[in-house]
Structures are given as structure tokens and as C-alpha cells.
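Trainee: I have a structure I would like to understand better, so I am pasting it below and will then ask my questions one at a time.
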Amino acid sequence: MIEELRTRKGFIAALDQSGGSSKKTLVNYGIIASEIKDDEAMFQYIHEMRSRIITNQYFTADYILGVILFKNTMERNINGVNTVTYLKNKNIPAFLKIDLGLDTESDGVQLFKDIPNLDEILDEGIKYGVIGTKMRSVIHEYNEYGIKKIIEQQFSLAKKIISKGLVPIIEPEVDINAKDKKHIESFMKTEIIKQLSKMKKDDYLMFKFTIPDLNNFYDSLLHYKNVVRIVALSGGYDRDKACELLKNNKKMIASFSRALLEGLNVKQSDEEFSNTLNASIEQIYKASVKK
């Protein structure tokens with residue numbers, strides 16, 4: 001599995017919008033806001049959207065290296081088959097978003113909230129067949145104390161996840177509008193290296209970063225044997241811009257969410273939906289592997 005994740009061509013589809021972002025995602029998808037009456041309706045709509053994507057003929061292992069799922073999606077079925085199993089049948093592994101959202105901003109960053117039932121969440125993910133996890137935190141400004149806290153929190157949780165036999169995707173997102181983005185990335189990378197130096201070579205993990213200001217800036221992290229892959233979030237860029245920037249980073253592949261869904265609409269015919277999704281997948285794939 002590790003070798004496949006490390007060497008297979010493709011990108012990771014981030015279909016993990018949770019309670020905080022699902023409503024906006026659905027409105028962008030063409031669902032009228034007044035129709036999203038409560039959480040039950042919201043999650044039903046979002047699952048229908050994700051099911052339409054996952055079952056599509058163009059959503060294949062030839063292009064998709066993995067999928068990040070929200071817990072609610074992991075627990076639901078697609079065409080009578082559990083979502084994780086459905087993906088596995090398409091030779092696409094699943095990762096589980098385990099964070100419970102962001103804390104309020106402090107010291108220029110937002111840590112992810114404490115996860116009191118972590119063991120229960122991880123055990124449930126293992127039961128369903130996920131191979132890894134993802135947890136997101138955000139850095140808004142250059143504050144060394146805050147950045148250190150972000151990286152320490154991410155690695156502390158990653159070690160617990162690794163002990164369960166799963167592969168964590170560490171995601172310390174740097175706000176694309178941060179004033180000192182280049183300096184934030186430089187200091188963050190130094191802190192990451194400190195943590196990586198303490199780990200075993202078979203403590204496998206992945207990173208999900210904002211596309212850096214300096215091209216190929218994170219490539220050196222792949223010198224550590226336990227770093228399986230470095231993937232990029234779109235971070236608020238539209239798909240064209242995100243792909244343009246990603247092409248300049250030779251060893252980075254996409255793990256886009258909003259940029260992947262861009263242009264999809266609930267009112268599209270099956271043919272229109274497929275053509276739009278196919279164009280999106282092709283563009284992101286090329287930006288990820290044809291450099």
C-alpha cells in the first residue's frame with residue numbers, strides 16, 4: 001500500500017467538506033439555500049453530490065490516487081454498498097477527515113479542536129477500511145510560537161494515528177493571503193524537519209500544504225523515508241490558478257476540494273455533469289503528473 005501511494009500516478013480527491021463548509025458547497029453546487037432546512041437535509045444533499053461524483057465513469061483509479069472522506073460519508077452507502085467499500089472496488093483507497101473543526105484564532109493560528117473520542121473515531125475508520133486520516137489546522141500570520149504549536153499538535157496526533165497502523169495526512173494550511181507567507185513556510189518547514197528527525201523511517205505519513213511561494217520548496221522533505229507523498233490544497237485559488245501554480249512544483253500532487261468541484265451543478269444532465277467532471281479531473285491530473 002505504501003509503495004502504491006508513493007509511486008502511483010494521480011491525485012487525491014478531497015471530498016471531505018464537513019458541517020462547517022457543506023452548506024456553502026451545496027449552494028455552489030446549485031442547491032437553493034432555503035431547501036437545506038437542517039443538518040439531516042444538508043448531509044443527504046452532500047452525499048448525493050459525492051455519490052454522483054464517485055460513481056461517475058471518469059472517477060477512476062487511473063486518475064484518482066485516493067479520496068478523503070468526511071465521517072458521515074464513510075458511514076453511508078452508495079448503491080447499496082458502503083462508500084469505502086465502493087471506492088475500494090474501484091481500487092481507490094479512502095482517508096478519513098478526523099478533525100472536528102478549528103479553534104478560535106490565537107497567536108496567529110487556528111489549531112484544530114481537541115478530539116476527545118479519537119480512539120473511537122480511528123477504530124471506526126479501521127472497521128470501515130480507511131487506510132489513513134487527515135487533520136487540518138491554519139496559519140494566518142508569522143508568529144513563531146503559534147506555528148510551533150501547530151506543528152507540535154499535528155505531529156502529536158500523527159504519532160497516535162501511526163500507532164493504529166494508519167497513514168496520517170498532516171495539513172498545516174498557510175492562508176494564501178498571509179502577509180508573510182514565504183517566511184511562514186520557511187519557519188514551518190524548519191519545525192517540521194525537527195519533528196521528522198525524531199521519527200522512525202517506517203512511521204509513514206503524508207503532508208498536505210498550501211502551494212508554496214518558492215517552487216519545489218517542500219521537495220527536500222521527501223528525503224525522509226517515512227514521508228510518502230506531498231500533496232497540495234487549492235486554498236481558495238480557482239482551478240486554473242491552482243493548477244498553474246501546481247505545475248511549477250515537480251514532486252507535489254493535488255488534493256483539491258473546491259477546485260475539483262468547480263463547475264459541477266445539480267441541474268446538469270448526466271452528460272453535462274460527466275463532461276464537466278472529466279475536464280476537471282484531466283486538468284488536475286495533468287498539473288499533478290505531467291510536468
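Trainee: With r defined as the distance between the Cβ atoms of residue 24 and residue 190 and R0 fixed at 45 Å, what FRET efficiency is calculated, to the nearest 0.05?
Mentor: That pair, residue 24 with residue 190, gives E of 0.85.
Trainee: Would you please classify the overall shape of the range 111-222 from the alpha carbon gyration tensor, given that a ≥ b ≥ c denote the square roots of the eigenvalues, rounded means a/c under 1.5, and beyond that prolate means a/b larger than b/c while oblate covers the rest?
Mentor: Prolate.
Trainee: Helix 118-128 against the longest principal axis of the chain: what's the angle in degrees, Cα atoms only, rounded to the nearest 10?
Mentor: Its long axis makes an angle of about 50 degrees.
Trainee: Here is a further query. Packing-wise, with mean Cβ within 10 Å as the measure, how do 34-45, 110-121, 139-150, 202-213 rank, highest first?
Mentor: 202-213, 139-150, 110-121, 34-45
Trainee: Ranked from highest to lowest mean number of other Cβ atoms within 10 Å per residue, what is the order of the peptides 165-172, 100-107?
Mentor: 165-172, 100-107
Trainee: Given an 8 Å cut-off on Cα distances and at least 6 residues of separation, report the relative contact order of the range 45-129 as a percent.
Mentor: 25 percent
Trainee: Could you compute the FRET efficiency for residue 123 and residue 77, with r as their C-beta to C-beta distance and R0 at 35 Å, rounded to 0.05?
Mentor: With R0 = 35 Å, the Cβ-Cβ based efficiency is 0.95.
Trainee: Restricting to Cα pairs below 8 Å that are 6+ residues apart, what does the relative contact order work out to for the range 2-289? Please round to a whole percent.
Mentor: Reported as a whole number, the value is 19 percent.
Trainee: So, in nm, how far is label residue 6 from label residue 55 when the simple model puts each one 7 Å beyond its Cα toward the Cβ?
Mentor: 3.8 nm
Trainee: To continue, here is another question. How far apart, in nm, are the 7 Å Cα→Cβ label points at residue 163 and residue 33?
Mentor: 4.5 nm
Trainee: What distance in nm separates the simple spin-label points at residue 114 and residue 201, each placed 7 Å from Cα in the Cβ direction?
Mentor: 3.8 nm
Trainee: Positive end of the dipole of the range 2-289, charges at C-beta (+1 Lys, Arg; -1 Asp, Glu), about the Cα centre: which of 263, 137, 30 has its Cα farthest in that direction?
Mentor: 137
Trainee: Add -39500 (n - 2.57) for each DSSP H run of 4 or more in the chain, then divide by its residues: what number comes out at 222 nm, to the nearest 500 deg cm²/dmol?
Mentor: -12500 deg cm²/dmol
Trainee: Moving on to the next point. Where does the Debye-calculated log10 I(q)/I(0) of the range 2-289 sit at q = 0.16 Å⁻¹, using only Cα point scatterers of equal weight, no solvent?
Mentor: Values, matching the q order: -1.39.
Trainee: Another one. State the three equivalent ellipsoid semi-axes of the range 35-88, derived from the C-alpha gyration tensor as the square roots of 5 times its eigenvalues, in descending order and whole Å.
Mentor: Over the Cα atoms of the range 35-88, the ellipsoid semi-axes are 21, 12, 10 Å.
Trainee: Now for a different question. Want the number for residue 269 to residue 216: 0.36 nm per residue separation, take away the alpha-carbon distance, what's left?
Mentor: Gain on stretching residue 269 to residue 216: 15.1 nm.
Trainee: Now, a different point. Rounded to the nearest 20 Debye, what is the dipole magnitude of the range 138-291 about its Cα centre when Lys and Arg each give +1 and Asp and Glu each give -1 at the C-beta?
Mentor: Result for the range 138-291 is approximately 780 debye, rounded to the nearest 20.
Read-outs: derived from the displayed coordinates by stated rules, not from any lab. Model, not experiment: these values are computed from the prediction. When we count neighbours, we look across all protein chains shown, and the Cβ atoms used for this are built from the backbone with ideal geometry, even at glycine.
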